[in-house]
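Below: one structure, written as structure tokens.
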Amino acid sequence: MNNRQFLITAMLFLLLITGYNQFVALPRARAAKEAAEAQLKKQEQAVQQQSGAQSVLVASSPVTKEKPSAPKPEELFTLNMPQADVTFSSKGAGIKTYLFKDVVEDVNLTPYEGEGYFATLPQVDFAEFSRTKDSITFVGDIVPGFSVYKTFRFNEDGINNVNVTFENNTSRALTVAPWSWNFGPGLSTVKSELNDNARESKAVYLVQEEGKKKPTLETFKKGDDQPELPWTWAGINNRYFLSVLIPQGWKPGDLSAKSEVIGKQKRLWGLFGEGNLEGPQLSVAVPGTTVEAKSKAEYKSDFYFGPKDYKEFLKLPYHLDRSIAFGFFGALGKIARNVLETFYGWTGNYGVAIIMMTVLLQLILFKFTLMQLKSAAQMRKIQPEMKRIQEKYKNNQEALSRETLALYRKYGVNPLSGCLPMLIQLPIFLALFNALRTSWSLHGAKFVFWITDLSSKDPYYLLPILMGVVMYFQQKGNIPAGTDPAQAAMFKYMPLLFTLLFMNFPSGLVLYWLTNSLITFGIQTVVNKKLAKAK
């Protein structure tokens, strides 16, 4: 075969292969692919039809041969009560909307997309079975003769009940596959706390550790491990609200938590665009169970959904007060809160109660405050001589230390006497800070005129500005003569920094700090005048 014949044969072969691929193989492949896709779609539809209520049962359980009905659209059912308007979803009979009737304004604590709180078996189409003024019962058919009932009951004391009952009216035992209670994603809060809510919302559970008198509140952190100890309750909380499930007589399975994106939030007032707003999602697993023929299996639970009111929590079981963060100096914070409540009982005004508590605290710490102010005044008095010694012995550290100690002995100055009172007052301030910051009693509490909610910021910023002015004059009187200009500038600008810092603090906390500053400034003025006369 010459080259010409070879090329013609090769070209004919290539044309034959190309034609076969184009008109035979490819159409067959397309047809096969379309048939496979159609079959897959058909299988998916079949799975979707079978994955409804029947998927609650394990594969070995007998199910009806009847064709399952198509999934129904979601329905909503609302129960109106004095404390909240609660809307439930037919998909899982969970709380879709919890509109809490707040003293300031109504707030939806569950505004985010999801199955809702206390949702169970979302593949079951629940329908309303019965209701009273404070309870509602749902029913869902899993297979003919096998149903699940779910009842919510809201009680006046806040410890509510939720029961799930599987009822088997068939002639054979049926096994329920493992299922779960779901919470989230996220728990919302009042308007004044929304900016901090992403940081404050957490999935939590309560455990009793051996050797401890009271249980400990634990927090899930980014897919934390399973709790090793048995837990009493689990749920989601933020600064002001708590939602928890409290199993009664049945052993729950694993807890699992994760963060889900629930929206967008501005970064640094929008200067850095927007970031994801995340909220915790918690799941409480329930092991599967076999329900014998003509019998029931019941899961009883208590639950709480509402504000973290410390006074009320002390009257209730389950140590719900452990959900309130008093901080490292919690014991002092609890004492402060009890004192605050006592003064409120006398005056009927939490603002006045805060002022009275601050005055009482100043009386207790008066000796230490006086010690600190006297030390500061003495340091200002010896400042000129101190500066002269520092200039004279700036190249001789040993002589500088010796002469400085001699100067302290000459005037009876103890520099540590100015630090000790501050160390004593710091834990008290931190305890008060946490006590006032987490106090539900201050929410919606009026003081005077424009201060109508001591738990939120001053709407006109008058309290923090007045606090800054008082601090300015207080600091001005404490700057020793001849102080380094850079250090003096720091003293001068500190009140401005505090003012900016306190702008968005709860007005109750600012009122405490303002009162504290006014009293301290008054004592400082008297001390300075007496020392001036003694010269």
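The values are calculated or read from the model by the stated rules, or taken from the named source; none is laboratory data. Because the structure is predicted, anything quoted here is derived from the model rather than measured. Using ideal geometry, Cβ is built from the backbone for each residue, glycine included, and neighbour counts are taken over all protein chains shown. Quick note on the areas: whole protein, heavy atoms, side chains included, nothing else; ligands and nucleic acids left out. Shrake-Rupley method; radii C 1.70, N 1.55, O 1.52, S 1.80 Å.
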From the options T120, T165, T137, T170, residue that is open to solvent by 10 Å² or more (accessible area, probe 1.4 Å), closer than 27 Å to W233 by Cβ and either out of contact with any Ser or Thr (no Cβ under 6 Å at 6 or more places or on another chain) or among the aromatic types (F, W, Y) (or both): T165
Enumeration of residues in the range 173-197 that are over 27 Å from T151 (Cα atoms) and open to solvent by 40 Å² or more (accessible area, probe 1.4 Å): K191, S192, L194, N195, D196
Cβ pairs under 9 Å, 6+ apart, first in the range 490-513 and in contact (Cβ under 8 Å) with a residue 12 or more places away in the chain, second basic (K, R) and assigned to a loop (DSSP other than H, G, I, E, B): F502/K457; M503/K457; N504/K457; F505/K457; P506/K457; S507/K457; V510/K457
Candidate set: the range 72-81, residues that are closer than 23 Å to T165 by Cα and of a type in the set (A, V, I, L, M); chosen: the one least open to solvent (accessible area, probe 1.4 Å): L79
Candidates W233, W250, filtered to the one that is closer than 24 Å to N161 by Cβ, at pLDDT 90 or above and in a strand (DSSP E or B): W233
Test: residue in the range 374-384 that is assigned to a helix (DSSP H, G or I), out of contact with any Pro (no Cβ under 7 Å at 6 or more places or on another chain) and at pLDDT 80 or above: no
Hey, G114 of a type outside the set (A, V, I, L, M), at positive phi, in contact (Cβ under 8 Å) with a residue 60 or more places away in the chain and out of contact with any helix residue (DSSP H, G or I) (no Cβ under 6 Å at 6 or more places or on another chain) or not: yes
Qualifying positions in the range 82-108 - touching a residue at least 24 places away in the same chain (Cβ under 8 Å), open to solvent by 10 Å² or more (accessible area, probe 1.4 Å) and part of a loop (DSSP other than H, G, I, E, B): Q83, D102, V103, V104, E105
Test for N168: is it in contact (Cβ under 8 Å) with a residue 12 or more places away in the chain and within 30 Å of D85 (Cα to Cα): no
Residue in the range 341-364 that is over 33 Å from the mean Cα position of the chain (by Cα) and among the hydrophobic types (A, V, I, L, M, F, W, C) present: yes
Among (1) within 30 Å of H443 (Cβ to Cβ); (2) free of Cβ contacts under 8 Å to residues at least 24 places away in the same chain; (3) surrounded by 15 or more Cβ atoms within 10 Å (Cβ to Cβ), the one test that I364 misses: (3)
